[in-house]
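Asks: This is the structure, below, for whatever I ask next.
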Amino acid sequence: MKFKYLLMFSVWLFSLNSYSQKLNRVKHFGKNPGHLKMFLYQPKNLTPNEKTPLIVVLHGCLQSASSVAKQSGWNKLADENGFIVLYPQQRIKNNPQKCFSWYRKKNIKKNRGENYSIKQMIDNVKANYSIDTSKIFITGLSAGAAMSVALMANYPETFKAGAIFAGAPYRVANGMIQGMMSLLGWRIKSPEKWGNIVRKANPYFKGNYPKLIIYQGKNDLIVNKRNGVELMKQWTNINSISQEPTECVPCFANNPDIERNTYKNKEFKEVVVFYKINKLGHALLVDPGNCFNQGGKTGTFAKDKNFHSTYWTAIDFGLLPSPLIYGKKTVEKLEKNLEFSVPFTNKSKYEWSFPKDCKTISKTDSNSVTINWGESNGTINVIETDSNFCKKIFSTLNVKIKK
């Protein structure tokens with residue numbers, strides 16, 4: 001019996017080591033005032049001399065580079081789409097819980113501490129690999145999310161976009177006490193005050209700040225959901241846009257637990273995207289499986305929500321094409337013969353859904369559907385099941401009645 005458990009442990013340890021070997025440790029990457037470790041994932045299928053995007057992934061407390069790589073599924077997307085992933089890692093001697101020190105001024109101030117160590121890692125990758133410097137992105141969970149915000153605030157010219165899972169505004173805390181207050185959702189400021197904190201970090205910066213994607217679980221008992229709202233206020237303010245969403249899509253991607261809010265600028269480009277997640281605590285959203293839009297592994301900080309957040313983040317980053325539904329977004333009340341469609345795939349089956357007061361004119365099992373609209377706003381969703389029984393879920397189309 002003991003031999004059986006020893007064998008099981010050996011298999012688990014071997015698989016863990018095999019996985020961690022995919023990450024290459026870079027020991028000498030430049031100045032390292034934050035005393036962090038650097039790990040890199042480079043797919044074998046990169047085209048020589050072709051510029052490639054770079055994704056920076058910051059783990060949460062009690063995590064490591066290898067564990068967040070496994071749970072998030074970024075390496076799978078890197079293999080399939082050809083980009084490099086950088087994984088900074090905290091040291092236990094810096095923080096016993098392996099948290100990035102987002103609440104200490106010396107580690108989030110420009111060109112100092114941990115955030116400068118991570119900037120040095122990025123510069124090292126840029127110097128040694130063929131990186132498309134217009135496509136550098138950052139994402140993180142919890143403490144890694146807060147540190148990601150610090151990097152975007154301090155080095156806005158470096159990043160095109162960032163995705164923040166259970167994070168907080170830049171400099172939400174200056175010390176342990178304020179850090180605890182922020183976790184409880186007690187650090188509340190006006191949009192202008194939040195924005196001024198970022199502007200003070202870069203008084204001479206006149207460009208556009210990176211696009212920000214916020215994920216916040218409504219049942220998060222570690223980072224209060226109020227932090228997501230405060231972060232939205234900060235980032236909309238520094239981009240001079242309204243704190244009211246341009247568009248709110250409930251049941252996004254046909255998932256009843258996900259609400260997607262977008263905040264757009266005058267050019268109607270998405271500047272902030274805010275995902276509010278029902279029935280989610282302090283965790284990444286994953287959808288384990290082998291299909292192209294699935295990935296990630298469940299664990300202490302990763303929950304199966306039938307939604308691979310890494311895949312959708314890559315879409316929000318512009319690394320992958322958005323699976324769009326084609327059709328009118330603005331219609332007349334009771335307008336007839338409206339056609340909605342998605343690209344046709346041989347042997348695929350389609351399942352459409354739309355508001356209850358809409359009437360179907362054509363069959364709903366093909367890649368297009370014709371309906372008569374009802375009397376109110378609503379959403380269109382479609383799920384495509386291919387010949388391998390993989391389900392492709394399209395971005396929800398939000399349809400509004402003309403005023």
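Asks: Which loop GluC sites (Glu not before Pro) in region 13-115, with loop taken from DSSP, have no more than 11 other Cβ atoms within 10 angstrom of their Cβ? Don't skip to the answer; put the middle values down first.
Replies: Numbers: sites: 50, 80, 114; in loops: 50.
When the GluC sites (Glu not before Pro) of region 13-115 are filtered for loop state and at most 11 Cβ neighbours within 10 Å, 50 remain.
Asks: Related question: For all pairs of alpha-carbon atoms in the chain, what percent lies in each bin of width 10 Å, listed from the first bin to the last filled one?
Replies: The distribution over the chain is 5, 22, 30, 25, 13, 5, 1, 0, given as percents.
Asks: Counting only protein heavy atoms and a 1.4 Å probe, tell me what percentage of the chain's accessible area is made up of carbon and sulfur.
Replies: Values: 10210 of 19610 Å².
Of all accessible area on the chain, carbon and sulfur atoms account for 52 percent.
Asks: Another question, if that's okay. What is the dipole size for region 280-387, taken about its Cα centre, with +1 at each Lys and Arg Cβ and -1 at each Asp and Glu Cβ, in debye to the nearest 20? Before the final figure, lay out each step's value.
Replies: On the way: 12 positive and 12 negative charges, 15 e Å.
Dipole magnitude for region 280-387 comes out near 60 debye.
Asks: Still on this structure, please answer the following. If I measure Cβ to Cβ between cysteines in the chain, which ones have no partner under 4.7 Å?
Replies: 248, 251, 358
Asks: What is region 268-327 by shape, rounded, prolate or oblate, if you read a ≥ b ≥ c off the alpha carbon gyration tensor as root eigenvalues and call it rounded for a/c under 1.5, prolate for a/b larger than b/c, and oblate otherwise?
Replies: Numbers: a/c = 2.19, a/b = 1.44, b/c = 1.53.
Oblate, since a/c reaches 1.5 and b/c is not below a/b.
Asks: If you don't mind, there's one more thing I want to ask. How much area per residue is accessible in region 24-81 when the probe is 1.4 Å and only protein heavy atoms are counted (Å²)? Spell out each step's value before the answer.
Replies: Details: 2750 Å² over 58 residues.
Heavy-atom accessible area per residue stands at 47 Å².
Asks: Find the accessible area per residue for region 270-403; the probe is 1.4 Å, ligands and nucleic acids are left out, and the unit is Å². Spell out each step's value before the answer.
Replies: Working: 6780 Å² over 134 residues.
Counting only protein heavy atoms, the per-residue value for region 270-403 is 51 Å².
Asks: If you don't mind, another one. Taking the Cα centre of the chain as origin, sum charge times position over the Cβ atoms of Lys and Arg (+1) and Asp and Glu (-1), and report the length of that vector in debye to the nearest 20. Working shown, then result.
Replies: Numbers: 59 positive and 28 negative charges, 315 e Å.
Once rounded to the nearest 20, the dipole reads 1520 debye.
Asks: On to the next question. Per DSSP H run of at least 4 residues, take -39500 (n - 2.57); add these up for the chain, divide by its residues and hand me the 222 nm value, nearest 500 deg cm²/dmol. Show your work: numbers first, answer last.
Replies: Working: 10 runs with 108 residues, N = 403.
Here the helix-only value at 222 nm equals -8000 deg cm²/dmol.
Asks: In whole percent, what relative contact order does region 279-326 give with Cα contacts below 8 Å and a gap of six or more residues?
Replies: Working: 65 pairs, mean separation 15.2, N = 48.
Normalised by residue count, the contact order of region 279-326 is 32 percent.
Asks: In percent, what relative contact order does region 138-224 have, based on Cα pairs under 8 Å that are 6 or more apart in sequence? Working shown, then result.
Replies: On the way: 124 pairs, mean separation 32.7, N = 87.
Value for region 138-224: 38 percent.
Asks: For region 32-117, state the average projected area of the convex hull of the C-alpha atoms over all orientations, rounded to one decimal in nm². Could you put the intermediate results ahead of the total?
Replies: Numbers: hull surface 24.7 nm².
Value for region 32-117: 6.2 nm².
Asks: Right, something else. Report, ordered by chain and residue number, the lysines lying within cross-link reach of residue 44, taken as a straight Cα distance under 19 Å and ignoring same-chain residues fewer than 8 apart.
Replies: Correct list for residue 44: 22, 70, 76, 126.
Asks: Looking only at region 307-333, which residues have a backbone nitrogen under 14 Å from a spot 7 Å from the Cα of residue 341 in the C-beta direction?
Replies: The answer is 325-328, whose backbone nitrogens lie closer than 14 Å to the label point.
The values are calculated or read from the model by the stated rules, or taken from the named source; none is laboratory data. Just so we're clear, the structure is a prediction, and the values are computed from it rather than from any experiment. Because the Cβ atoms are built from the backbone with ideal geometry, glycine has one as well, and the counts that use them run over all protein chains shown. These area figures cover heavy atoms from the full protein model, side chains too; ligands, DNA and RNA do not enter into them. Shrake-Rupley method; radii C 1.70, N 1.55, O 1.52, S 1.80 Å.
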